[in-house]
1. I'd like the trypsin sites (Lys or Arg not before Pro) in the range 1-71 restricted to DSSP loop residues with at most 16 other Cβ atoms within 10 Å, sorted by number.
2. Anything in the chain that counts as a DSSP H helix reaching 20 Å or more along its axis (C-alpha) with Kyte-Doolittle mean of at least -0.5? List them, would you?
3. With just the Cα atoms of the range 299-422, tell me how far they stretch along each of the three principal axes, in Å, largest first.
4. To one decimal place, what Kirkwood hydrodynamic radius in Å is obtained for the chain from all pairs of distinct Cα atoms?
5. Charges only on Cβ, +1 for Lys and Arg, -1 for Asp and Glu: so what's the dipole of the range 344-411 about the Cα centre, in debye to the nearest 20?
6. Could you work out the relative contact order of the range 220-310, using alpha carbon pairs under 8 angstrom and six or more residues apart, expressed as a whole percent?
7. When only alpha-carbon atoms are used, what values of Rg and Dmax, in angstrom, describe the range 123-277?
8. Once amide H atoms are built 1.01 Å from N in the peptide plane, which residues 5 or more positions from A134, or in another chain, come under 5 Å H to H?
Amino acid sequence: MTAGTRQRCAGCGTEFPETAPHARCPNCQGLLEIQHAAPAVTGRELRGLFDGRPRGSGVWRFREIVLPTAQDIVSYPEGNTPLLTRPSVSHWADVPDLLLKHEGLNPTGSFKDRGMTVGVTQARRIGARAVACASTGNTGASLAAYAALAALPAFVVIPQGQVAVGKLAQAIAYGARTLVVRGNFDRCLELVDEASRELGVYLLNSVNPFRLEGQKTIVLEMLQQLDWEPPDWIVVPAGNLGNTAAFGKALGEAREWGLIGRLPRLAAVQAVGAAPFAASFRDGFTRRHRVEPHTVATAINIGNPASHDRAVQAIRETDGVVTAVSDDAILEAKAVVDAAGVGCEPASAAAVAGARQLAREGVIRATDRVVAVLTGHLLKDPAAVTRYHIETEPPPPRANRPVEIEARPSEIERALRASLTA
Ligand code: F0G
């Protein structure tokens, strides 16, 4: 199965070898897709191969269906994230069988590392002289770290005032050249897409198909953790739609190659203020929407998702749904996930808020097994925490305000007594 991986343009159908150096089709600028030859072994044998491997990287353990010919791999390692059950979160969401796949526990604190290990490995393989991305923060943080591992210069282009401080700190600290644009994420992506083409810099946004091959392993690893017994639903926050697309591809291939016998349904969740994909879904995907985005979940503050077409295919093929949740619902879900000792950033909490909404609408049934993907770590966006718990007036329902006291034993005692009797 090592021979046979190709890149194919979804727009004009042109095929390219897997080492072709462009992130988009050079003829029509369409999105490229990786096509692997079917593995020469059965699904059972493939499962045995994956299950028998040592737990090094949670991406490269699946290399036969990620990038079979990869050598000289740039790995942290990444992946191997836990699948958690937390009764308080389940209870709040009204989903009795809810599992949380915590991608925030990747090395740079988000799922992006799974795509970046493949993208940067590929960048080195094609001899890229530099790598670049536009980002709402996490892609930039991950790119900066993996470029440092590979000793490649990195450019990270971010929207001014719309990136959480933990993510900005990472991009700078890991040594990427960071450009702050007076414009939103969608504009940043247009700019870096064009500049990378002109300058021969390798673009590592999720338009790049190798990123998606890595992100497929969120699903593969979750299936493996469930002994290859698929859940009924996978719920994922949706912004630029790279993950939605990658999940659809992973599930389609997993079924085709005999890893699983049936498909879970995908639920993509957007924030109401940045919900062009949910609007398209409501229209039966008859047209593509673009919006001026505005949500507290800065990671998914995106109005013109690049992987729209691929994501439509993923939702259609999995009999999936797309929904949108309010910022208030996102913040409440985050407070619940955080207080369970799990913690996540606001965009990730959209998955849990979305699961709750779909359960209340009866789309998700009480007996369904549901995996919600927590895409990023709590510490990515500490300002969201202090805003909710300390600064918002009146305090939101789950606010946990710190109490300021004088440095006296009596004050400590009074404060402790008050909390214990509360
Ligand atoms: N959750 C988090 C924490 C993210 O950082 C992102 C995307 C998403 C969800 C949405 O995933 O774009 O595949 O639909 N962040 C990108 C970035 C856009 O630049 O870090 P998607």
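The values are calculated or read from the model by the stated rules, or taken from the named source; none is laboratory data. The model shown is predicted, which means the values in this text are computed figures rather than measured ones. Here Cβ is always computed from backbone atoms with ideal geometry, including for glycine, and neighbour counts include all displayed protein chains. What goes into the accessible areas is simple: the full protein's heavy atoms, side chains included, and nothing from ligands, DNA or RNA. Shrake-Rupley method; radii C 1.70, N 1.55, O 1.52, S 1.80 Å.
1. On the way: sites: R6, R8, R24, R44, R47, R55, R61, R63; in loops: R55.
Those satisfying the criteria are R55.
2. Both cut-offs are met by 185-199, 209-225, 242-256, 346-360.
3. 64, 34, 23
4. Numbers: mean 1/r = 0.0459 Å⁻¹.
It is 21.8 Å.
5. Working: 9 positive and 9 negative charges, 83 e Å.
The calculated dipole for the range 344-411 is roughly 400 debye.
6. Reported relative contact order: 32 percent.
7. Taking only Cα atoms of the range 123-277, I get Rg and Dmax of 17.0, 48 Å.
8. V157, N205
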